[in-house]
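The block underneath contains the structure these notes are about, expressed in structure tokens.
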Amino acid sequence: MRKITLLLIALTVLAFSSCKKSEEDNLKPVTIAVSVQLDASVSAYNFGLKGTAIKLTNLTNGQVTNGQTDATGNISIPSISPGNYDVQATLTVLAADYSAATGTSTTNDITFSALIKSLSITESSTTVPLILKTGRIGDWIIKQIYYAGSNTSNGATFRDQFIELYNNSNEVLYADSLYFSQAYGANSKSSAIDLSKGYYQTSTKQYDWTKSIGMSNDQANTNYVYAKSLFMISGSGKEHPVQPGSSIIIAATALNHKSPFTGADGKTISVKDPSLTVDLSGADFEVYLGDYPGVNPLASDIDNPSVPNLKVIATGGARDLIMDATGRDAYFIFKTSEDVSTWKKYPAPDQTSISTSTDLYIQIPISYISDGVEIQTPLPANVVPKKFGSTIDVGSAFVSKGQYSSQSLIRKTSKTVNGRIVLTDTNNSANDFTELDIPDVTKTVFK
């Protein structure tokens, strides 16, 4: 019996020692090597890779490690704790250098970026390759997004939401045929996504659109986004000029939300605290669904006859322009003279059959998109899979106080050129935006 007892003790000590050694190995710092290169479409311009900013974010404790690559685009970062990381690379090419190399004149510095989400780093030495890409150099950008809405008891809830679009160029632009959209995608929190379902992308946990019924394009995820809602500014081509450094506001409902008004059902709609909301009666455009076939609009969706309505292409099943106040939307703008309503439409990848009631989403080429902004929730546990790849928005943004806080996102100022304010556009909303505690509808506030 004594021999058996001693044997059990020895085995226990051995198992404990092995377990302890395994845990120590898992906690041992590792080295990560990051290697960046430019996308093939621009590699011939030979923009220098030296100084590309590398940012590692530990998803467990939030610790950030920064570094810069050498002239070959490489960097070795030692003593990293094993775990899951977001790995981001950013290279900024000065406007003059970009213009000289490409022959494309621009007054804005151009940012190339890449991002790998939730990369597991456990090996003693890990190499991470990143391909730097840039979004389309767009003159139209999103300046302000008021998606959070105002207090549900004392404010206007979501009735006062709006988006502000800005002419970031040095010439007059026309808003005719400018489209605004909310992208469609998987909207459950990332931790709840079940990859075994077969219709999600393993790398992003977002829908795999190659699995949609009728899809025959193997670039369905990389070259396109899919529109949930889609609205267009109508015009013959030069009806709506916007000066350089100026903007337009698109309101969900272009009314003064500080004051009582009569809803479509004849009842009075008012707020208890007017300071929490805004006066949108002077908006440039509004979304009105009261005359759109098949839609039973909200009583608060009142048509302001002095403000032009956007042409409605798709409502996304909503009864007004409703932005997700919790922060799970992705917004984009593009311009085209084509008839977008004739573009291909597909069901969500989780649909197994199509009927007359199945929702279809218009496929939008990424190459058409001039700007996109991804919104997330401020609560890390509730973050949803990104709908945009790095060519549209490598990061995401949110207002710190969350839903119904009256806060809006506003793009930061980059510089002033001959009195014209140029807004920051690094293709990373996490860097490009800050917030206002009360939205600005005057178009005169910059940060």
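Laboratory data are not the source of any read-out in this text; all were calculated from the coordinates shown. Bear in mind that the values here come from a model prediction, so they are computed numbers and not experimental data. Cβ coordinates were reconstructed from backbone atoms using ideal geometry, including for glycine residues, and neighbour counts include every protein chain displayed.
Side notes on the structure shown:
- Hull volume per residue, based on the alpha-carbon atoms of the chain and their convex hull, is 199 Å³.
- In the chain, the DSSP-assigned H stretches of four residues or longer account for a calculated mean residue ellipticity at 222 nm of -2500 deg cm²/dmol, using -39500 (n - 2.57) per stretch and the full residue count as denominator.
- Dipole-positive endmost among 71, 346, 158 within the chain (Cβ charges, Cα centre): 71
- Taking amide hydrogens as placed 1.01 Å from N in the peptide plane, the amide H of residue 361 sits under 5 Å from those of 346, each at least 5 positions away in sequence or on another chain.
- Amide proton proximity set for residue 52, modelled H, under 5 Å, gap of 5+: 69
- Averaging Cα coordinates gives a centre for the stretch 267-291 and one for the stretch 156-227; these two points are 27 Å apart.
- When +1 charges are put on Lys and Arg Cβ atoms and -1 charges on Asp and Glu Cβ atoms, the dipole computed for the chain relative to its Cα centre reaches about 1300 debye.
- Taking amide H positions as modeled 1.01 Å from N, with prolines and chain starts lacking one, the residues under 5 Å from residue 269 and 5 or more places away or on another chain are 261, 262, 263.
- Note on residue 267: lysines with a C-alpha under 18 Å away, same-chain residues under 8 apart excluded, are 258.
- Fraction of beta bridges assigned by DSSP in the chain that are antiparallel (%, nearest 5): 85
- As computed over the stretch 27-132, the Cα convex hull volume per residue (Å³): 92
- Length gained when the stretch residue 187-residue 359 is fully extended (0.36 nm per residue, less Cα-Cα span): 60.4 nm
- Seen against the Cα atoms of the chain and their longest principal axis, helix 2-27 is set at about 40 degrees.
- Exceeding the 26 Å Cα-Cα cut-off - candidates 117/211; 55/197; 189/228: 55/197
- One decimal place: the segment residue 272-residue 379 gains 35.7 nm when fully extended, by the rule 0.36 nm per residue minus the C-alpha distance.
- Converting phi to 3J(HN,Hα) with the Karplus coefficients 6.51, -1.76 and 1.60 and the offset θ = phi - 60°, the stretch 161-168 yields 5, 7, 9, 10, 10, 10, 8, 8 Hz in sequence order, with x at every glycine or proline.
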